[in-house]
Amino acid sequence: MALPQLREVVSAIHAELSVPGGLHSVLGLQPTLLPGAPDLSSLLPREGPTARFPSTQSHVLVQVSANGRELLLWALRRVLALSQAVLYLEEEVLGGRIGEGRDAFGFRDGLVLPSREQVRRAALVPSGSLAGASWLLYLRFQKDLERFGRLKPQAQAHVVGRTRDGELVPDAPAEAHLHRARASGAGDNQLLIRRGFPFRHGGEEGLAFVSASADPDYYRRSLDALLGVGGQPPDAMLRYARAVSGGLYLAPPADWFLAPSSQQEATP
Ligand code: HEM
């Protein structure tokens, strides 16, 4: 695939999705497509003693969230229409918010929202040829709701490190997800800005995890901490959630996108 052609397509998607209010999108490219980006293909797949994060790396990642379903479907249709000459759809996951922001296990997620300054500091490459870009990690997890559901509420809270409503569990074990996630230094929106999108697809429920970071090495550290590499305890959550796809992408800085060549299609 020729990069100029891909750049034109991705820029057209960026231009169209930037127009309507109430729509938020993230666009990422396979890092090797961007000149000057280091080769980080060794990040995924990654394996620990009990679990694994696979690589299903694609050329482009598009993540869209919208205030309403009509707007969301419009955006997804436009992405497909604009890209189908040069790209094919490898994976599509349609999710939706659960209650006030819970994952499929019923736990509050995304509790501590980052400030703009935290996003800038944690997620944007500060200098160099990639200044203003952001490294994106995509992981899709399938959850074993039945197995997790068989645990008593206290045991569930010990897997997460918080109660269903988000209270910290003081005596949570070292293998609790929160402790494993914090072990790499990624707590409190410090090293990465993350979002989890619950989905249901073909009878399976899970979480599409997308995060942004200024430094891809933080992903290596975070993933190894969850996997339990180097004698650390593996994350208890990975007994109930299995990563089935994943990839590392680079969201280019805004000025990488070309000016839109045409805006013939009406927005809803
Ligand atoms: C099935 C996959 C996952 C589920 C269900 C999940 C769920 C959760 C939940 C319920 C919380 C507590 C609520 C909150 O602090 O917002 C949390 C926190 C967190 N998770 Fe995950 N998570 C998953 C995967 C991941 C992955 C892959 C990473 C890192 C690469 C990660 C990093 C974090 C971090 C950094 C925190 C916050 C720690 C803190 O600031 O105290 N999570 N997650």
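Please list, by residue number, everything in the range 199-236 whose backbone N is under 16 Å from a paramagnetic label point 7 Å out along Cα→Cβ of residue 97.
Within reach of a label on residue 97, which here means backbone N under 16 Å from a point 7 Å along Cα→Cβ, the range 199-236 contributes 199.
Give the shape of the range 69-207 as rounded, prolate or oblate, defined through the alpha-carbon gyration tensor: a ≥ b ≥ c are the square roots of its eigenvalues, a/c under 1.5 means rounded, and otherwise the shape is prolate if a/b is larger than b/c and oblate if not. Kindly include the intermediate steps, with their values, before the conclusion.
Numbers: a/c = 2.29, a/b = 1.25, b/c = 1.83.
Here the range 69-207 falls in the oblate category.
Give me the percent of accessible area attributable to carbon and sulfur for the chain, probe 1.4 angstrom.
Here carbon and sulfur together make up 51 percent of the probe-accessible area.
I need the shape label for the range 194-260. Rule: rounded when a/c is under 1.5, else prolate if a/b > b/c, else oblate, with a, b, c from the alpha carbon gyration tensor.
oblate
Mind checking the per residue accessible area of the chain for me, 1.4 Å probe, whole number of Å²?
Roughly 52 Å² per residue, with all protein chains present.
With the Cα gyration tensor of the range 104-169 giving a ≥ b ≥ c as the square roots of its eigenvalues, does the rule (a/c under 1.5 for rounded; else a/b larger than b/c for prolate; else oblate) give rounded, prolate or oblate?
Taking the square roots of the gyration eigenvalues as a ≥ b ≥ c, the range 104-169 is prolate.
How far is helix 69-83 tilted, in degrees, relative to the longest principal axis of the Cα atoms in the chain, given as a value from 0 to 90 rounded to the nearest 10?
60
Which ³J(HN,Hα) values, rounded to whole Hz and listed in residue order, are derived for the range 121-128 from phi using the Karplus coefficients 6.51, -1.76 and 1.60 in 6.51 cos²θ - 1.76 cosθ + 1.60 with θ = phi - 60°, glycine and proline given as x?
6, 7, 10, 9, 4, x, 7, x
Amide H to amide H, which residues 5 or more places from residue 258 or on other chains are under 5 Å from it, using H placed in the peptide plane?
Sorted by chain and number, the residues that satisfy this are 11.
Rounded to the nearest Å, what's the spacing between the alpha carbon centres of the range 121-171 and the range 1-57? Just the number, please.
Taking the Cα centre of the range 1-57 as reference, the centre of the range 121-171 is 21 Å away.
Once you mark the GluC sites (Glu not before Pro) that are in a DSSP loop and have at most 14 other Cβ atoms within 10 Å, what is the longest gap between them in the chain?
That would be 168-264.
Would you mind listing how long the chain runs along its three principal axes, going by Cα atoms, in whole Å with the largest first?
57, 39, 33
Could you sort 188, 215 by their accessible area in this structure, using a 1.4 Å probe and putting the largest first?
Reading off the accessible areas and sorting them downward yields 188, 215.
Starting from the amide H of residue 169, placed 1.01 Å from N in the peptide plane, find each other amide H under 5 Å away whose residue is 5 or more places distant or on another chain.
162, 163
For the range 183-196, just list the computed ³J(HN,Hα) in residue order, Karplus coefficients 6.51, -1.76 and 1.60, θ = phi - 60°, integers in Hz, with x standing in for Gly and Pro.
After applying 6.51 cos²θ - 1.76 cosθ + 1.60, I find 4, 8, x, 8, x, 6, 6, 6, 10, 8, 10, 10, 9, x Hz.
Output ³J(HN,Hα) for the range 35-50: one whole-Hz value per residue in order, computed from phi by the Karplus curve 6.51 cos²θ - 1.76 cosθ + 1.60 with θ = phi - 60°, and x for Gly and Pro.
Whole-Hz 3J(HN,Hα) from phi for the range 35-50: x, x, 7, x, 7, 10, 5, 7, 5, 10, x, 9, 10, x, x, 10.
The values are calculated or read from the model by the stated rules, or taken from the named source; none is laboratory data. Since we're looking at a predicted model, the values are computed, not measured. Positions of Cβ are generated from backbone atoms using ideal geometry, with glycine treated the same way; all protein chains shown enter the neighbour counts. The accessibility values were calculated without ligands, DNA or RNA, using every heavy atom of the protein model including side chains. Shrake-Rupley method; radii C 1.70, N 1.55, O 1.52, S 1.80 Å.
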